[in-house]
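Peer 1: One structure coming up, written as structure tokens, with questions to follow.
The values are calculated or read from the model by the stated rules, or taken from the named source; none is laboratory data. All figures in this text were calculated on a predicted structure; none of them were measured in a lab. Every residue, glycine among them, receives a Cβ derived from its backbone with ideal geometry; neighbour counts consider all protein chains shown. Areas reflect the complete protein model, heavy atoms only, side chains present, ligands, DNA and RNA absent. Shrake-Rupley method; radii C 1.70, N 1.55, O 1.52, S 1.80 Å.
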Amino acid sequence: QVQLVESGGGLVQPGGSLRLSCAASGFAFSTYAMNWYRQAPGKEREVVARIHRLGYNTTNYASSVKGRFTISRDNAKNMVYLQMNSLKPEDTAVYYCNAALSFPGDAAYFAWGQGTQVTISS
């Protein structure tokens, strides 16, 4: 049974940082590219960061987060992370991870987890 469990969200002031974690299980994690997505109220879910199954030096970011967010993964632990710096109110959303059908690609492979809420507000 595939499980994607996101954590690490919270309420942060503008300019602050958060590190999101995603624990994956039930599938061959190291053979999949992984993406972080977010969905803000009233908006469609969008991809913010992508990482190839091999990890380092093979990442891709949405223009809105490039230079502020960093995606990484630990294939030994079946974990993917999203380091978010210089956060802005427009980063407020529920954040999700998922395996990707391809790299770099947007389409998600599995059912969604519960996500983790990120709120940026003073």
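Peer 1: Say we join alpha carbon atoms closer than 10 Å with springs in a Gaussian network model of the chain; which of Lys88, Lys77, Lys43 then has the biggest fluctuation?
Peer 2: Result: Lys43 has the largest fluctuation of those listed.
Peer 1: Tell me which residues come under 5 Å, amide H to amide H, from Val118 once H is placed; ignore anything under 5 positions away on its chain.
Peer 2: Those lying under 5 Å, H to H, from Val118 are Gly10, Ala93, Val94, Tyr95.
Peer 1: Mind putting a number on the dipole of the chain about its Cα centre? Charges go on the C-beta only, +1 for Lys and Arg and -1 for Asp and Glu, and I need it in Debye to the nearest 20. Intermediate values should be presented prior to the final figure.
Peer 2: On the way: 11 positive and 7 negative charges, 41 e Å.
So the dipole magnitude of the chain works out to roughly 200 debye.
Peer 1: When the distances between all Cα atoms of the chain are binned every 5 Å from zero, what whole-number percent does each bin get?
Peer 2: Distribution as computed: 2, 13, 24, 26, 20, 10, 4, 1, 0 percent.
Peer 1: I'd like the distance separating the alpha-carbon centroids of the range 17-68 and the range 99-117, in whole Å.
Peer 2: Rounded to whole Å, the Cα centres lie 8 Å apart.
Peer 1: At a 1.4 Å probe radius, carbon and sulfur cover how many percent of the accessible area of the range 76-122?
Peer 2: On the way: 1110 of 2230 Å².
C and S atoms contribute 50 percent here.
Peer 1: Given contacts defined as C-alpha pairs under 8 Å and at least six residues apart, what's the relative contact order of the chain, whole-number percent?
Peer 2: Details: 304 pairs, mean separation 42.8, N = 122.
So the answer I get is 35 percent.
Peer 1: Let me ask another. Heavy-atom accessible area of Thr119 with all protein chains present, probe 1.4 Å, nearest 10 Å²?
Peer 2: 40 Å²
Peer 1: What are the residues whose amide H is under 5 Å from the amide H of Thr58, where those residues sit 5 or more places off or on another chain and H is modelled from the backbone?
Peer 2: For Thr58, whose amide H was placed from the backbone, the distant partners under 5 Å are His52.
Peer 1: Spelling out what I want: for every residue of the range 20-34, take phi, set θ = phi - 60°, compute 6.51 cos²θ - 1.76 cosθ + 1.60 (Karplus), and round to whole Hz; glycine and proline get x.
Peer 2: Per-residue couplings from phi come out as 8, 10, 9, 9, 10, 8, x, 8, 6, 3, 5, 9, 10, 5, 10 Hz.
Peer 1: Continuing with this model, one more query. Go ahead and run the numbers for FRET between Thr70 and Gln1, Cβ-Cβ distance against an R0 of 25 Å, rounding to 0.05.
Peer 2: According to the calculation, E is roughly 0.25.
Peer 1: With a 1.4 Å probe and every protein chain left in place, work out the accessible area per residue of the range 15-122 in Å², rounded to a whole number.
Peer 2: Values: 5310 Å² over 108 residues.
Computed with neighbouring chains in place, this is 49 Å² per residue.
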